[in-house]
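K.L.:
Next up is a structure, given as structure tokens.
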Amino acid sequence: MKNISILGSTGSIGTQTLEVVRNNEDMRVVALSAGSNIDLIEKQILEFEPEVACINGKDKALELKKRLEGASVKTEIVEGMEGLIEVATVESANIVVAAIVGMIGIRPVIHAIEAGKDIAFANKETLVTAGHIIMPLVKKKQVHFLPVDSEHSAIFQCLQGRSEGAVEKILITASGGPFRNYDPEDLKRVTIEDALNHPNWSMGRKITTDSATLVNKGLEVIEAKWLFNVDYDDIEVVVQPQSIIHSMVRFKDGAVIAQLGTPDMKLPIQYALTYPERRYLPGERLDFKKISEIKFEDVRRDVFPALDMAIAAGKAGGTMPTVFNAANEAAVSLFLDNKISFTSIVDAIDKCMKTHIIKENPSLDEVLEVEKEVRTKVLELF
Ligand code: NAD
Ligand code: MG
């Protein structure tokens, strides 16, 4: 039996993880957690009867307890960061699905690894900002750290069976987002609705916005560096607008192996949960007679500077990736609250990075301190 704990069970990745669990009889949910969606987590608790469930905020936790009073479930209700850590470390879990959004996932993920749990990992902001702490810990604790992000799962799948030192280049594909053909002037007029209208994938609001600025691709380059232990110069981003190729690896002999499929996150989620086994997954299959062509383009780096800014932050290292990520998290949240324009997101990241003095090899507390400073700074900018 696979005992699964989910950080962020009410989100896009979280709910799709629960769909995978429903389709696999040997999977059981032992812990759940949500930010604020009390109605959905209540339903999930009644369906999956986990040992523990977490919600953000004391009032919400009290209300959830009250709602469950008459029910037969024995789920312990916890809250806040302590609650998230309890969900991440619950004794019976063998794998934790990190499907929470943002660098708030750092502490729960670190605690889960310390407790010896395998991780099915979607929460990229955590690896971008604390990869230097997390990857050595993964090695020390000898846990599996399995990518769920579609590109990284694709790369991981392409790497199966390789020989040591055989990789020449990691080729991360990008859809290019909804504004792939826009000019800088057009970007100034983008609305929230435009930004949330991704051409190929249906995802949470934050990552959908990140896909439109290409911040997401930048975060993914840093994520790939940590997951696959490669230099930034050995990672290339290629636009593949149809999202048929999920990513590729080029080997030393020139061979390129790609992973293709329909855009369905349940595949990388299930593969992380059943690795190294591949199982039946219901859903649409690629029909190459209908596709007829697969297009590629270069990234328009002048129109979407966020990608190069992320790579620069990654290369600079230390606290700089935290600055890139925290400025983005704060600015995206302002954008989604209709307080700043779309182009202000990347402007805010740029301003924060330009004034930051890097601290090398920061401790967890130092990472979180820089996050706080940057969040305050972004609020002051507008
Ligand atoms: P989402 O917004 O749909 O869900 C986020 C989850 O985190 C929700 O359950 C929410 O309740 C929870 N959460 C948010 N803030 C919280 C807080 N303060 N305390 C406790 N819980 C909190 O996001 P998503 O699209 O599912 O993305 C989740 C992560 O996976 C992100 O890091 C994203 O980059 C990554 N990812 C998502 C996709 C996708 O297809 N959605 C693909 C690749 C990677
Ligand atoms: Mg991705």
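The values are calculated or read from the model by the stated rules, or taken from the named source; none is laboratory data. The shown structure was predicted, so the numbers you read here are calculated from the model rather than taken from an experiment. A quick note on method: Cβ atoms are made from the backbone with ideal geometry, for glycine too, and the neighbour counts reach across all protein chains shown. For accessibility, only protein heavy atoms count, side chains too; no ligands or nucleic acids. Shrake-Rupley method; radii C 1.70, N 1.55, O 1.52, S 1.80 Å.
K.L.:
It is to be established whether one or more residues within segment 191-202 are under 19 Å from Ser153 (Cα atoms), away from ligand 2 (no atom under 12 Å from the Cβ) and under 19 Å from the mean Cα position of the chain (by Cα).
P.N.:
Checking segment 191-202: at least one residue is under 19 Å from Ser153 (Cα atoms), away from ligand 2 (no atom under 12 Å from the Cβ) and under 19 Å from the mean Cα position of the chain (by Cα).
K.L.:
Sticking with this one: Give the residues of segment 117-152 that are in a helix (DSSP H, G or I), in contact with a strand residue (DSSP E or B) (Cβ under 6 Å, 6 or more places away or on another chain) and near ligand 1 (Cβ under 9 Å from one of its atoms), sorted by residue number.
P.N.:
Across segment 117-152, the qualifying residues are Ser150, Glu151.
K.L.:
If you don't mind, there's one more thing I want to ask. Take the residues in segment 118-130 that are away from ligand 2 (no atom under 16 Å from the Cβ) and open to solvent by less than 10 Å² (accessible area, probe 1.4 Å), then tell me which one is nearest to Lys217 (Cα to Cα).
P.N.:
Thr129
K.L.:
Would you mention how many residues in segment 255-276 are touching a residue at least 60 places away in the same chain (Cβ under 8 Å) and small (Gly, Ala, Ser)?
P.N.:
The number of residues fulfilling the criteria is 2.
K.L.:
Test of understanding: among Ala98, Ala61, Ala34, which residue is free of Cβ contacts under 8 Å to residues at least 40 places away in the same chain, open to solvent by less than 20 Å² (accessible area, probe 1.4 Å), out of contact with any Asp or Glu (no Cβ under 9 Å at 6 or more places or on another chain) and not aromatic (Phe, Trp, Tyr)?
P.N.:
Ala34
K.L.:
Identify the residue in segment 292-323 that is hydroxyl-bearing (Ser, Thr, Tyr) and open to solvent by less than 20 Å² (accessible area, probe 1.4 Å) and, among all such residues, is farthest from Ala224 (Cα to Cα).
P.N.:
Filtering segment 292-323 for residues that are hydroxyl-bearing (Ser, Thr, Tyr) and open to solvent by less than 20 Å² (accessible area, probe 1.4 Å), the one farthest from Ala224 (Cα to Cα) comes out as Thr319.
K.L.:
To continue, here is another question. Here is a list: Lys2, Lys43. Which entry is of a type in the set (Lys, Arg) and farther than 25 Å from Gly116 by Cα?
P.N.:
Lys43
K.L.:
Still on this structure, please answer the following. Name the helices (runs of 4 or more DSSP H) wholly within segment 1-116 that hold at least 1 residues that are more than 16 Å from ligand 2 (Cβ to nearest atom) and of a type in the set (Phe, Trp, Tyr)?
P.N.:
38-48
K.L.:
So which pairs qualify, if the first residue must be in segment 189-204 and more than 23 Å from Gly8 (Cβ to Cβ), the second must be not in a loop (DSSP other than H, G, I, E, B), the Cβ gap must be under 6 Å, and the two must be at least 6 apart or on different chains?
P.N.:
Val190/Phe342
K.L.:
Select, from Ile104, Ile110, the only residue that is within 16 Å of ligand 1 (Cβ to nearest atom), surrounded by fewer than 24 Cβ atoms within 10 Å (Cβ to Cβ), touching a residue at least 40 places away in the same chain (Cβ under 8 Å) and closer than 25 Å to Arg375 by Cβ.
P.N.:
Ile110
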